[in-house]
Amino acid sequence: MRPGRSVVPGTALIVAGVLPGFLTASLAPRIRHDFSFGDSILGLAVAIFYLTCMVSSTPSGHLVERIGARWGMLLGAGLSSLACMAIAVFADSAAALIAILVVAGLGNAIGGPAVSALLRRTVHTGRHGLAFGAQQSGASIGALLAGLALPAVAIPLGWRWAYAGAAVLAVVAVALAPASGPGEPPRLAAHPEPAPHHLTSIRALAVAAVLASAAGVGFIAFLVTYAIDQGIGEGAAGLLLGAVSLTATISRVGLGVIADRSGGDALRITALVLAGSAAGYLLLISGEPALIVLAALIVGSIGWSWPGTLTLAVVFRRPDAPAWAVGVMMSGLFAGAAGGPLLVGLLAEHDHFAAAWSLCAGLALAAAATIALTRRFERTAVAPADLDPRGAG
């Protein structure tokens, strides 16, 4: 099967899944025209979205393994679409918005493992890096679209139409997805028990995802605020955020292609880019506008390129249960997404941005070290012949 038949609808579903959270943040100034809420409530709403994703990702992976990737995509798309339409039509208070975002979080949590399972079973192994990189670029595409939704949709038409558009995107994505893959397991099929070292590795990589995501999302959450504080205009700061999202999208696909062409040593490449991103975080400390732009682009192109290759590595550790493996990893990723902004925000509130960016650098280095230790553990736990070079190197 050609990769595009699975990659394009899969990526579109990921975009639709993350949009409710991103749109709530980007459209908050317009939503407040209909019902008021403060910054703390906004932060709570977005945090609850991510916390729902975190708590439900691993159970969602189990569910997808039982019902199949296609039904998992249908369920995830249905929940995401339903939530977006409910916000567009019924949201009339902060409490209602938050309650509906819980449903949106469930849809996003199911969609990720379902798309990963679909790609694992429909895309040729030699293109898995490209496929998973494209899948994980959906989050950065969603951030970019959410930023554009304010001037392009919310201001001229009203903010509710942006959520309606996200609902339609979810339906279109699942409609375009292939009916089934050649390797789709029967529903309720029992998968063989994984080797103990694979369980340990997947959980260790979930920890790495917590650390890396906390650094990246903490950086994204406060980039615009920091840039404006250091003398960059509001419009330019917004454009910088868009440029970072765009570079992250391109780099996730590009790093996946590199993993494919290099034989798929996914963990080694992931550790290298995370370690390299620490330089970008530390460069932010300078406070010089030109260096802030350079640092932000470094973090966007390097520090946010890792989710696709980490997904590749996780899937190759459980090729018989990719949805479960990705669900575990995504739980870590969402935990970092919820906790990173909180940690950075506590420092930024007291103008300790130097400490905040140092924290991000430390988290990225800790993630790289966790991955490196996981690779070392695997080399000692199993014979070299038993290792899949695409996952462990």
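Just a few scattered comments:
- The range 318-339, residues that are more than 10 Å from the chain's Cα centre (by Cα) and open to solvent by 10 Å² or more (accessible area, probe 1.4 Å): R318, P319, D320, W324, V328, S331, A335, A338, G339
- Just so you know, in the range 47-57 the residues that are open to solvent by less than 40 Å² (accessible area, probe 1.4 Å) and touching a residue at least 60 places away in the same chain (Cβ under 8 Å) include one that is farthest from A95 (Cα to Cα), and it is S57.
- Unique match (being over 22 Å from the mean Cα position of the chain (by Cα) and either open to solvent by less than 60 Å² (accessible area, probe 1.4 Å) or closer than 24 Å to I31 by Cβ (or both)) among A69, A91: A91
- When L297, L342 are screened for being over 29 Å from L119 (Cβ atoms) and within 19 Å of the chain's Cα centre (by Cα), only L342 passes.
- Of all residues in the range 261-297, those that are modelled with pLDDT of 90 or more and touching a Lys or Arg at 6+ places or on another chain (Cβ under 6 Å) total 1.
- As for the range 256-279, it holds no residue that is open to solvent by less than 30 Å² (accessible area, probe 1.4 Å), in contact with a Cys (Cβ under 7 Å, 6 or more places away or on another chain) and closer than 19 Å to A366 by Cα.
- Residue match in the range 316-325 (condition: at pLDDT 95 or above, touching a Gly at 6+ places or on another chain (Cβ under 6 Å) and among the small types (G, A, S)): no
- Flag if A215 is open to solvent by 20 Å² or more (accessible area, probe 1.4 Å), in contact (Cβ under 8 Å) with a residue 60 or more places away in the chain and among the small types (G, A, S): no
- Qualifying residue in the range 200-209 (condition: without any contact (Cβ under 8 Å) to a residue 60 or more places away in the chain, among the β-branched types (V, I, T) and assigned to a helix (DSSP H, G or I)): no
The values are calculated or read from the model by the stated rules, or taken from the named source; none is laboratory data. Remember, predicted model here, so these are calculated numbers, not experimental data. All Cβ positions, even for glycine, are placed from backbone atoms using ideal geometry, and neighbour counts span all protein chains on display. Keep in mind that these areas ignore ligands, DNA and RNA; they rest on the heavy atoms of the full protein, side chains included. Shrake-Rupley method; radii C 1.70, N 1.55, O 1.52, S 1.80 Å.
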